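The values are calculated or read from the model by the stated rules, or taken from the named source; none is laboratory data. What you see is a predicted model, and the numbers here were worked out from it, not measured in a lab. Cβ placement follows ideal geometry from the backbone for every residue including glycine, while neighbour counts extend to all protein chains displayed. Keep in mind that these areas ignore ligands, DNA and RNA; they rest on the heavy atoms of the full protein, side chains included. Shrake-Rupley method; radii C 1.70, N 1.55, O 1.52, S 1.80 Å.
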Amino acid sequence: MACRVVTAIIILSALFSTFCIVQGSEGDQSPFYRNCIDKCIQANCTRGGKFANSSNIHYSTLDVLIGWTCQDECRYTCMWPTVEAFKGRRWNVPQFHGKWPFVRVLGMQEVASVTFSILNFIVQLNEWRKFRKEVRPDHPFYWMWSFYVMICLNSWIWSIVFHARDTSFTEIMDYVSAFSVVTYFLFCFGARVGSHLFRGATVVHACLCIALYVFHATYLLFVKLDYGYNMVVNVSVGGVTSIVWFAWCVKNRKELPHTHYLMHFLLGLWATMLFEILDFEPIYWIFDAHAVWHCTTIPLPYLLFRFVKADCKYLHKEKEKNI
């Protein structure tokens, strides 16, 4: 059973990595779209990129407050006739600048992903509240898992911001905050499993995780902001982390029955990744595969923290026995 799960995870990682590399954006490369933008900017935007007094573009105060510029509005305005032109030729709906075309709602670029990210934040916060009620600060790994929740909450905040308004800054903050969750979960494995191996094992493992995070974040910040590279690294590190956690669960499932919660969490996590692989154009121009993925991750913290609470209590009892 364990071998089959590990094999499936490796295959999913390879498929997802390949998908991320080959996926392109036809819409913003089309001459129709580029000509439309050039004409729109000339007719509606000043040289400073602001809306001209004679602008015919319809925009709201909320759009301006969120940060949509005149050029952004031209891109949004020209995107829809380009989509219709592609559909009129019976071509597939194109992506624009790496994204599907979405209808803005209240100035938000991807309202479904924003909504589901908010729900993920709420669930994560609620599980932390229950964790703090049931587990005391003197329990082993209390602070480790508390810090894990803080990292997750920070990640969901940037997910909300990024999907509401896509800029280079919000994109990189979304990427690096998401990777912080991945690398910290890897650190949690080393801390939980390897702390008894030799003195300083947790410190060595922590340094390796920090180095991995800093290297990846530095590359995105100062070398190249690359979506495909970022996703390959996340899936690879996340895949390795899932494998070692799952293998540990299988090995200790008889001694530690509560590991089945973590096993179901890991299986659910990888099942949700199918929505990232099986990408599709947005339904009603709102719900794409990425939004559905965010929706399917909402219940997962419940499974993870069932394991975390039980494990902290188990370790506390073992600690009291040895006193």
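Given the protein chains as shown and a 1.4 Å probe, how many square angstrom of residue 138 are accessible, to the nearest 10?
80 Å²
In the chain, what is the count of Lys pairs whose alpha carbons are under 14 Å apart, counting only pairs at least 8 residues apart or on separate chains?
Lysine pairs satisfying the spacing and distance rule in the chain number 6.
Whats the longest run of the chain with zero trypsin sites (Lys or Arg not before Pro) that are DSSP loop and have at most 11 other Cβ atoms within 10 Å?
With trypsin sites (Lys or Arg not before Pro) excluded where exposed in loops, the chain gives 91-198 as its longest stretch.
Could I have the simple spin-label model distance between residue 240 and residue 57, label points 7 Å from Cα toward Cβ, reported in nm to one decimal?
Label-label distance for residue 240 and residue 57, simple model: 4.4 nm.
For the range 53-146, run through the chymotrypsin sites (Phe, Trp or Tyr not before Pro) and keep only the ones in DSSP coil with at most 12 other Cβ atoms within 10 Å of their Cβ.
Filter output for the range 53-146: 91.
Which order do you get for 167, 183 if you rank them by accessible area with a 1.4 Å probe, largest at the top?
Largest accessible area first, the residues go 167, 183.
Would you indicate which of (1) 32, 57, 11, 0; (2) 27, 52, 19, 3; (3) 29, 53, 11, 6, 2, 0 is the value of P(r) over Cα pairs in 20 Å bins from 0, in percent derived from the coordinates of this structure?
Among (1) 32, 57, 11, 0; (2) 27, 52, 19, 3; (3) 29, 53, 11, 6, 2, 0, the one calculated here is (2).
Expressed as a whole percentage, what fraction of the accessible surface of the chain belongs to carbon and sulfur atoms when a 1.4 Å probe is rolled over the protein heavy atoms?
About 65 percent, which is the carbon plus sulfur part of the accessible surface.
Once amide H atoms are built 1.01 Å from N in the peptide plane, which residues 5 or more positions from residue 281, or in another chain, come under 5 Å H to H?
Residues meeting the amide H criterion: none.
As I understand it, the dipole of the chain uses +1 on the Cβ of Lys and Arg and -1 on the Cβ of Asp and Glu, about the Cα centre. Which of 209, 277, 310 lies farthest toward its positive end?
Of the candidates, 310 comes out farthest on the positive side.
At 1.4 Å probe size, with every protein chain present, just tell me what the per residue accessible area of the range 200-323 comes to in Å².
52 Å²
Contour minus end-to-end for residue 106 and residue 134, with contour as 0.36 nm per residue of separation and end-to-end as the Cα-Cα distance?
6.1 nm
Note down the nm distance, to one decimal, between modelled labels 7 Å out along Cα→Cβ at residue 280 and at residue 122.
A separation of 2.6 nm, rounded to one decimal place.
Assuming R0 = 25 Å, can you tell me the calculated FRET efficiency for the pair residue 84 and residue 154, based on Cβ-Cβ distance, to the nearest 0.05?
The formula returns an efficiency of 0.05 here.
If you put +1 on each Lys and Arg Cβ and -1 on each Asp and Glu Cβ, how big is the dipole of the chain around its Cα centre, in Debye rounded to 20?
Around 1000 debye, computed over the chain.
Residue separation times 0.36 nm, minus the C-alpha to C-alpha distance between residue 302 and residue 46: what's the value?
Working: separation 256, 0.36 × 256 = 92.16 nm, distance 5.13 nm.
Gain on stretching residue 302 to residue 46: 87.0 nm.
Report the local net charge at residue 141: Lys and Arg +1, Asp and Glu -1, summed over other residues whose C-beta lies under 14 Å from its C-beta.
Working: positive: 132, 136, 192, 309, 313, 317, 319; negative: 134, 138, 311, 318.
Every neighbour counted, the sum reads +3.
Using each residue's phi in the range 105-115, evaluate 6.51 cos²θ - 1.76 cosθ + 1.60 at θ = phi - 60° and report the 3J(HN,Hα) Karplus result to the nearest Hz, with x for Gly and Pro.
10, 6, x, 8, 6, 10, 5, 5, 5, 4, 4
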